[in-house]
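Novice: Here it is, the structure in full.
The values are calculated or read from the model by the stated rules, or taken from the named source; none is laboratory data. Please read these numbers as outputs of a predicted model, since none were measured by experiment. Cβ sites come from the backbone with ideal geometry, for glycine too, and all protein chains shown count toward neighbours.
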């Protein structure tokens, strides 16, 4: 998914793996995204669009706490080199 929201036409998506934006600016925030993921129930979800330009580094972990336990959450975030 790119910059999008949980639109009615997106609720019929079936996916094994879903990359979902959670940054909250031009995208869903982590609460909206978690509700959407819990509704479409992919096997695995990977949150995107946070931790660098938009959204804090901890949004992935906040998102993960909201996800149903039967959905695997993988978090990949690279901290900037200083």
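Novice: I'm trying to understand the selection: among the residues of region 49-61, which are buried (at least 20 other Cβ atoms within 10 Å of the Cβ) and either at pLDDT 90 or above or on the phi > 0 side of the Ramachandran plot (or both)?
Specialist: 49, 51, 55, 59, 60
Novice: Check 55, 60 and return the single one that is touching a strand residue (DSSP E or B) at 6+ places or on another chain (Cβ under 8 Å) and in a loop (DSSP other than H, G, I, E, B).
Specialist: 55
Novice: Just to be sure I understand, how many residues within region 22-41 are surrounded by 22 or more Cβ atoms within 10 Å (Cβ to Cβ), modelled with pLDDT of 95 or more and more than 8 Å from the chain's Cα centre (by Cα)?
Specialist: 0
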